[in-house]
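Here is the structure we will look at, set down as structure tokens.
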There are 2 protein chains.
Amino acid sequence: MKVSIGAKTVGTPTPLWVIGSYDEAGRANIMTAAWGGICCSEPPCVTVSLRKSRHSFESIIKREAFTVNIPNRAHIRETDFAGIVSGTDTDKFEQSGLTAVHSEVVDAPYVAEFPVIIECRLVKTVELGVHIQLIGQVMDIKADKAVLGENGMPDLIKMDTVTYDSGQRKYLGMGEKFADAFSVGKPQGQPDIGH
Amino acid sequence: MKVSIGAKTVGTPTPLWVIGSYDEAGRANIMTAAWGGICCSEPPCVTVSLRKSRHSFESIIKREAFTVNIPNRAHIRETDFAGIVSGTDTDKFEQSGLTAVHSEVVDAPYVAEFPVIIECRLVKTVELGVHIQLIGQVMDIKADKAVLGENGMPDLIKMDTVTYDSGQRKYLGMGEKFADAFSVGKPQGQPDIGH
């Protein structure tokens with residue numbers, strides 16, 4: 001028997017992302033976001049939703065670029081901080097001690113200390129209500145060698161990355177890998193498929 | 001020093017969702033999706049991306065409704081199965097042993113056995129490439145009492161829910177809660193803020 005808990009934005013793990021952009025003055029800025037995810041395989045795209053009032057919003061619209069910086073547990077304080085203060089009156093890189101690196105692929109800065117960063121060109125915006133969706137085409141992903149699996153792709157466990165529980169307002173670490181996708185539920189004789 | 005790994009859809013935790021809908025024949029169907037997330041706080045909305053070729057796609061467009069069913073670890077086989085076979089020629093509820101319940105809020109079925117389900121009215125579609133984004137307004141969330149925290153909201157740990165690592169094609173459990181959001185990085189004297 002289930003209970004109704006109303007129309008809310010809870011009950012599912014979300015990513016914990018730090019979005020990088022340059023503001024009008026050319027200053028590197030970051031903000032934390034959890035309303036986002038992968039949204040297309042080809043072209044590879046991600047979506048992140050921002051309120052229009054956020055300092056980063058105009059920055060991303062004007063430069064048509066942003067980075068998605070995936071934090072690890074070691075940088076949870078800096079990540080949380082970037083979601084609390086506003087870039088309007090705070091240099092968040094300076095205050096947090098994080099290092100801004102200029103992307104050579106898009107007109108946005110990324111966070112040197114984070115294990116994986118996704119460089120995006122803004123390709124679409126979608127008005128939804130208090131949040132606007134920014135759709136970014138992934139131009140490149142850069143990762144610390146130490147967090148790559150044997151297949152050369154990032155490994156969330158090696159990254160020691162973080163999930164956000166919006167219902168409990170808590171940050172969670174990754175648990176253990178317990179099953180192979182496109183495999184554990186496969187009926188006998190069925191070929192592998194992709195997304 | 002970071003290495004470039006190209007334009008891909010890897011490096012971030014994604015949700016693992018099972019999307020419920022009725023097809024043209026009125027049959028309850030489910031499919032697994034990881035390209036999705038929360039995308040707006042007010043009105044509360046979620047986004048999930050599907051390929052047009054998926055059996056569920058036309059179903060959702062026609063009924064303008066879908067459910068997001070959040071699996072737990074105990075149902076990983078059924079969840080993986082629903083992403084491997086097609087509803088065109090398989091009754092996935094029957095084959096998996098899961099129970100379809102007709103939502104009283106939207107014209108779509110939900111999965112009785114999963115701890116949290118989100119009932120959505122389709123409000124927008126966005127063409128992105130091989131995937132189309134389906135934006136659903138959250139009309140209600142239903143949850144098993146046992147997975148609610150003291151604040152009455154779902155708790156991802158109690159749910160024993162799952163994240164997907166697309167780079168490694170693995171399912172991961174939730175790790176432990178290790179920090180409070182909007183708190184751990186708060187400068188002294190700063191008030192709490194929301195999303």
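The values are calculated or read from the model by the stated rules, or taken from the named source; none is laboratory data. Quick caveat, the model's predicted, so the values are computed rather than measured. With ideal geometry, Cβ positions are generated from the backbone for all residues, glycine too; neighbour counts draw on all protein chains shown. Just so you know, the surface numbers come from the protein's heavy atoms only, side chains and all, with ligands and any DNA or RNA stripped out. Shrake-Rupley method; radii C 1.70, N 1.55, O 1.52, S 1.80 Å.
Check whether at least one residue in segment A:155-162 is in a strand (DSSP E or B), facing chain B (nearest Cβ under 7 Å), touching a Gly at 6+ places or on another chain (Cβ under 9 Å) and of a type outside the set (A, V, I, L, M), and report yes or no. The answer is yes; a qualifying residue exists. Taken together, B:Ser56, B:Ser49 contain a single residue that is assigned to a helix (DSSP H, G or I), open to solvent by less than 30 Å² (accessible area, probe 1.4 Å), in contact (Cβ under 8 Å) with a residue 12 or more places away in the chain and in contact with a strand residue (DSSP E or B) (Cβ under 6 Å, 6 or more places away or on another chain), which is B:Ser56.
Scan B:Glu127, B:Glu42 and give me the residue that is without any contact (Cβ under 8 Å) to a residue 24 or more places away in the chain, within 7 Å of chain A (Cβ to nearest Cβ), open to solvent by 40 Å² or more (accessible area, probe 1.4 Å) and over 15 Å from the mean Cα position of the chain (by Cα).
B:Glu42
Within segment A:17-28, which residues are in contact (Cβ under 8 Å) with a residue 60 or more places away in the chain and more than 15 Å from the chain's Cα centre (by Cα)? Selection gives A:Tyr22, A:Asp23, A:Arg27, A:Ala28.
In segment B:173-194 there is at least one residue that is assigned to a loop (DSSP other than H, G, I, E, B), on the phi < 0 side of the Ramachandran plot and surrounded by 21 or more Cβ atoms within 10 Å (Cβ to Cβ). Residues that are β-branched (Val, Ile, Thr), open to solvent by less than 10 Å² (accessible area, probe 1.4 Å) and under 21 Å from B:Lys186 (Cβ atoms) within segment A:10-39 comprise A:Thr14, A:Val18, A:Ile19, A:Ile30, listed in sequence order.
Within segment A:30-45, being touching a Gly at 6+ places or on another chain (Cβ under 7 Å) and part of a strand (DSSP E or B) holds for A:Ile30, A:Met31, A:Thr32, A:Gly36, A:Gly37, A:Cys40, A:Cys45.
Being facing chain A (nearest Cβ under 7 Å), on the phi > 0 side of the Ramachandran plot and not aromatic (Phe, Trp, Tyr) narrows it down to one of B:Gly36, B:Gly6, so name that one.
Selected residue: B:Gly6, the only one of B:Gly36, B:Gly6 that is facing chain A (nearest Cβ under 7 Å), on the phi > 0 side of the Ramachandran plot and not aromatic (Phe, Trp, Tyr).
Matching residues to (1) within 21 Å of B:Ile38 (Cα to Cα); (2) at pLDDT below 95:
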| residue | (1), (2) |
| --- | --- |
| A:Cys45 | yes, no |
| A:Val68 | yes, no |
| A:Arg77 | no, no |
| A:Gly87 | no, yes |
| A:Lys92 | no, yes |
| A:His102 | no, no |
| A:Pro115 | no, no |
| A:Val123 | yes, no |
| A:Val126 | yes, no |
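For the condition open to solvent by less than 20 Å² (accessible area, probe 1.4 Å) and closer than 16 Å to A:Arg121 by Cα, A:Phe66 qualifies.
If you scan segment B:83-113, which residues turn out to be among the hydrophobic types (A, V, I, L, M, F, W, C), part of a helix (DSSP H, G or I) and either touching a Phe, Trp or Tyr at 6+ places or on another chain (Cβ under 9 Å) or open to solvent by 50 Å² or more (accessible area, probe 1.4 Å) (or both)?
B:Ile84
From B:Val184, B:Val101, B:Val105, which residue is touching a residue at least 24 places away in the same chain (Cβ under 8 Å) and either farther than 19 Å from B:Tyr22 by Cβ or more than 7 Å from chain A (Cβ to nearest Cβ) (or both)? After ruling out the rest, the residue left standing is B:Val105. Looking only at segment B:130-153, which residues are open to solvent by 60 Å² or more (accessible area, probe 1.4 Å) and part of a loop (DSSP other than H, G, I, E, B)? Matches in segment B:130-153: B:Glu150, B:Asn151.
Residue-wise test of (1) among the charged types (D, E, K, R); (2) within 24 Å of B:Cys40 (Cβ to Cβ).
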site: B:Arg77; (1), (2): yes, no
site: B:Asp80; (1), (2): yes, no
site: B:Gly83; (1), (2): no, no
site: B:Ser86; (1), (2): no, no
site: B:Leu98; (1), (2): no, no
site: B:Glu104; (1), (2): yes, yes
site: B:Tyr110; (1), (2): no, yes
site: B:Leu148; (1), (2): no, yes
site: B:Gly152; (1), (2): no, yes
